[in-house]
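Colleague: First the structure, then my questions, so here it is.
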Amino acid sequence: MSTRVTTPPPTGELLADRAYAELRDRIVTLAIPPGAPINEDTLGRELEMGRTPVREAIKRLTLEHLVAVFPRRGTFASEINITDLADISDVRVQLEGHAAYRAAQRVTPPQREQLDVLIAQVDAPAGSDPAALMRLDAEVHRFIYRCAANDYLRDTLERYLNLSMRIWYLVLDRLPHLFDRVHEHRELLEAIRDGDADRARDIASEHVATFEAEIRGVL
């Protein structure tokens with residue numbers, strides 16, 4: 001007699017996390033343009049889930065300034081104010097450097113294996129499309145946040161990374177050195193792997209400052 005193993009349905013919390021990640025990425029990549037309405041029912045049908053996890057995701061994204069909710073008007077993707085870039089980068093230069101510093105100190109053996117995989121992705125042949133490069137850039141940053149092993153630092157940096165990326169996507173087709181900026185992550189990941197905290201901090205801070213200057217140059 002065979003025993004059938006059933007997989008329990010995703011919990012409300014897991015569904016909310018999935019709704020959050022999906023809606024966040026649509027807003028950040030401008031698949032949902034700034035100022036566009038967000039319909040809970042439509043989004044729930046697209047993600048095959050009820051309204052509750054979608055509402056939880058919207059609450060989180062409202063706190064992160066990616067969604068704006070107006071009574072009697074509805075829910076919208078937040079507008080982008082490019083003048084915020086300098087202030088956002090001012091914060092990120094400091095905190096990204098600190099996250100890289102802590103990551104070099106705290107990276108675990110399993111994370112070192114993931115790090116090697118990321119380095120291989122960074123070393124991939126040239127010619128990747130801009131959207132793929134941006135996804136890789138975000139993946140590297142979020143990996144470093146996890147390695148830093150500080151939930152408060154990670155949550156803060158996630159918020160500012162998302163706000164930065166929305167501005168980057170506005171000028172994605174005009175960034176002259178996007179490939180170079182993303183592929184310089186190899187040096188950063190190597191410093192983390194080698195436990196060189198000071199070097200990792202300096203590379204991460206310089207990366208953010210350089211990227212911000214190039215984006216400001218094309219805005």
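The values are calculated or read from the model by the stated rules, or taken from the named source; none is laboratory data. No experiment lies behind these values; they were computed from the predicted model shown. A quick note on method: Cβ atoms are made from the backbone with ideal geometry, for glycine too, and the neighbour counts reach across all protein chains shown. Areas reflect the complete protein model, heavy atoms only, side chains present, ligands, DNA and RNA absent. Shrake-Rupley method; radii C 1.70, N 1.55, O 1.52, S 1.80 Å.
Colleague: Among the residues of region 61-115 satisfying the criterion of being open to solvent by 80 Å² or more (accessible area, probe 1.4 Å) and charged (D, E, K, R), which is modelled with the lowest pLDDT?
Modeller: Within region 61-115, the match that is modelled with the lowest pLDDT is R72.
Colleague: Does region 31-54 hold any residues that are closer than 22 Å to Y160 by Cα and surrounded by fewer than 17 Cβ atoms within 10 Å (Cβ to Cβ), and which are they?
Modeller: Of everything in region 31-54, those that are closer than 22 Å to Y160 by Cα and surrounded by fewer than 17 Cβ atoms within 10 Å (Cβ to Cβ) turn out to be A31, P33, P34, G35, A36.
Colleague: Where in region 11-118 are there helices (runs of 4 or more DSSP H), lying fully within it, with 3 or more residues that are more than 30 Å from R199 (Cβ to Cβ) and not small (G, A, S)?
Modeller: Result: 12-28, 40-47, 51-63.
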